[in-house]
Amino acid sequence: MLDIGVNLTSGQFAKDVDQVIERARKASVNALMVTGTDVQESQRSIALAREYSGYCWATAGVHPHNASSWNSQTATQISALAAMPEVVAVGECGLDFDRNFSTPAEQERAFSAQLALAADLNKPLFLHCRSAHDRFIALLRPWLAKVPGAVVHCFTGSREELHECLDLGLYIGITGWVCDERRGLELRAMLPEIPTERLLLETDAPYLLPRDLETKPKSRRNEPCYLPHIVSQVAGWRQQDVEWLKQVTENNARQLFRLA
């Protein structure tokens, strides 16, 4: 198994990140991708990837929530960070018109710049899209032939949106959202429609703790050690062998992100 989206630089992990990584190892999670969401978090993601070389890898980018921070200095810094060998994807980048912590115009400017950066560096994209599908696709589409691949991280869109993403050759990242009996049922029903070779799995820890865990941590904090639970549930809903799906989705991630 490989967790393609872990926010290990979150303050929720500040006191015990080493133990969190050790628990992931013991749970047979074979690698972690540490998400960068702004300049500082990208720097910290790279630092963790260096400290845990060969186990942790980093992304570098500016999340749409933080897009208002995008300026010439940010662009220069993210460009330098994304070029580092520990960084296997540009992002988390994209659009989020659900909360609009940054204006749509600011988000589009930052997203477009990072699309160009990924093409320039020949690195995959780690993408975020929430309540912005049409504009997201319009900005993304012209760049897809210029980058080696892309994943829509934490996909929660509609069936129509899923198939448009698949038609464009995108990978689909599935989190513990699908384990939520309140919000995840629509996505759960669509799981069999995702080709196995396009499926990636992730926790998005410390967020999105699976609601159907038999024993939940008192902290309510999600961790990469819960990835096996997500894989098991997804395998059941797709009617596939769990161990086989663990290996296939890890292989998918290693291929997309060109991991050793």
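The values are calculated or read from the model by the stated rules, or taken from the named source; none is laboratory data. Note that the coordinates shown come from a computational prediction; the quantities given were computed from them, not determined experimentally. Note: ideal-geometry Cβ built from the backbone for every residue, glycine included; neighbour counts use all protein chains shown. We work out accessible area using only protein heavy atoms, side chains counted, and drop any ligands, DNA or RNA first. Shrake-Rupley method; radii C 1.70, N 1.55, O 1.52, S 1.80 Å.
Observations on the structure shown:
- 1.4 Å probe accessible area per residue over the chain, in Å²: 42 Å²
- Only lysines eight or more places from residue 26 in sequence, or on another chain, were considered; those with a Cα closer than 28 Å are 15, 216, 218, 246.
- Distance between the modelled labels on residue 237 and residue 181, one decimal in nanometres: 1.4 nm (7 Å Cα→Cβ projection).
- GNM top mover of 176, 91, 149 - the chain, alpha-carbon springs below 10 Å: 149
- Counted charge near residue 130, where neighbours are those whose Cβ lies closer than 10 Å (Asp, Glu -1; Lys, Arg +1): -1
- Sites residue 40 and residue 163 - FRET efficiency at Förster radius 35 Å, r taken between beta-carbons, to 0.05: 0.45
- When only the Cβ of Lys, Arg, Asp and Glu is charged (+1, +1, -1, -1), the dipole of the range 211-260 relative to its Cα centre reaches about 300 debye.
- Comparing mean-square fluctuations of 36, 173, 11 from a GNM of the chain with C-alpha springs under 10 Å, the top value falls on 11.
- Positive-pole candidate from 45, 65, 155, dipole of the chain, charges at beta carbon: 45
- With helices as the sole contributors, the chain gives -12000 deg cm²/dmol at 222 nm; each DSSP H run of n ≥ 4 counts as -39500 (n - 2.57), and the sum is divided by every residue.
- Modelled label positions at residue 214 and residue 51, each set 7 Å beyond Cα in the direction of Cβ, lie 3.3 nm from each other.
- Residues of the range 50-66 with amide N under 18 Å of the 7 Å Cα→Cβ point at residue 98: 63-66
- Residue with peak Gaussian network fluctuation, the chain [Cα springs, cutoff 10 Å], from 110, 205, 119: 119
- Integer Hz, Karplus 6.51/-1.76/1.60 couplings in order for the range 126-135, x for Gly and Pro: 10, 10, 10, 9, 9, 6, 8, 4, 4, 6
- About the centre of its Cα atoms, the range 2-257 shows a dipole size close to 340 debye [charges on the beta carbon of Lys, Arg (+1) and Asp, Glu (-1) only; nearest 20 debye].
- Inter-part distance, the range 110-180 to the range 70-85, computed on C-alpha centroids, equals 20 Å.
- A dipole drawn for the chain from +1 and -1 charges on Cβ atoms has a positive end, and of 232, 122, 11 the residue lying farthest that way is 11.
- Proximal aspartates and glutamates to residue 146, defined as alpha-carbon separation beneath 19 angstrom and excluding residues fewer than eight positions away on the same chain: 92, 108, 120, 164, 167
- For the chain, the relative contact order comes to 20 percent (Cα pairs under 8 Å, sequence separation of at least 6).
- Interchain or long-range residues, amide H under 5 Å from residue 89's placed H: 60
- Between the listed residues 133, 105, 203, the Cα displaced farthest toward the positive end of the dipole of the chain, a dipole computed from Cβ unit charges relative to the Cα centre, is found at 203.
- Check: the range 181-253 dipole with +1 on Lys, Arg Cβ and -1 on Asp, Glu Cβ, in debye: 420 debye
- Listed values (1) 47; (2) 30; (3) 36, entry calculated as percent of Cα pairs over 27 Å apart: (2)
- Extension gain, residue 22 to residue 84: 0.36 nm times the residue separation minus the Cα-Cα distance gives 19.8 nm.
- Accessible surface of the chain, 1.4 Å probe: 47 percent of it comes from carbon and sulfur atoms.
- Long-range HN-HN contacts of residue 205 with modeled amide H, under 5 Å: 7
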